[in-house]
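S.K.: To start, I am sharing the structure in question, which I have written as structure tokens.
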Amino acid sequence: MKKFFALGLSALVAILATTASVQASPRDTFYMEKVCLSVIAPDLNACDIVTADSFGQLVGGLIIYNDRVWIPANPAGFTFEIARIQVTTGDNSGTATGQVRWLKDHGLFTISQGTGSLAGLHVNAVVQYVGETADGRWLYSVSGTYHVDP
């Protein structure tokens, strides 16, 4: 019985230690804007980052789309996209990888790992179409939360 109590107590301590370490990297607000060629462009493979709160070094960087699967509007009116992405900083100080998924009128944007000035970066955000720019490209907002692993 003492062994079970000691084992249970050890498990509880481990859970509390894990919870404390997760709480050690709090989530903060993430906001970014990107401009892309029109969604109709079949060779779209990168978007320019034009605004980035919390990570100013992203401004002037790119979101590069890899392994992109794209289905234009189908008879039901849905548009679908999924792609692995690489995010680069405007000053070439770091990169991060993740994924973007789009269904109908919004997308989901995740970053799971970064290097250089983006080391440890994790982002979970929603992508929204904002409108067309003066030069005919499309503006999107990316807003959500981020944390940086120690």
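S.K.: Full extension from T29 to Q128: what is 0.36 nm times the residue separation minus their Cα-Cα distance, to one decimal in nm?
M.R.: Working: separation 99, 0.36 × 99 = 35.64 nm, distance 1.60 nm.
Computed gain between T29 and Q128 is 34.0 nm.
S.K.: Further question: Using the basic label-point model (7 angstrom from Cα toward the beta carbon), what is the D48 to A119 distance in nanometres?
M.R.: Result for the modelled spin labels: 3.1 nm.
S.K.: Would you please classify the overall shape of region 86-150 from the alpha carbon gyration tensor, given that a ≥ b ≥ c denote the square roots of the eigenvalues, rounded means a/c under 1.5, and beyond that prolate means a/b larger than b/c while oblate covers the rest?
M.R.: Details: a/c = 2.73, a/b = 1.55, b/c = 1.76.
Oblate, because a/c is 1.5 or more while a/b does not exceed b/c.
S.K.: Expected output is a single nm value to one decimal: the length gained when fully extending between S141 and I64, i.e. 0.36 nm times separation in residues minus the C-alpha distance. What is it?
M.R.: Details: separation 77, 0.36 × 77 = 27.72 nm, distance 1.61 nm.
Taking 0.36 nm per residue and subtracting the Cα distance, the gain is 26.1 nm.
Only the coordinates and a few stated rules stand behind these numbers; no lab work does. Because the structure is predicted, anything quoted here is derived from the model rather than measured. Because the Cβ atoms are built from the backbone with ideal geometry, glycine has one as well, and the counts that use them run over all protein chains shown.
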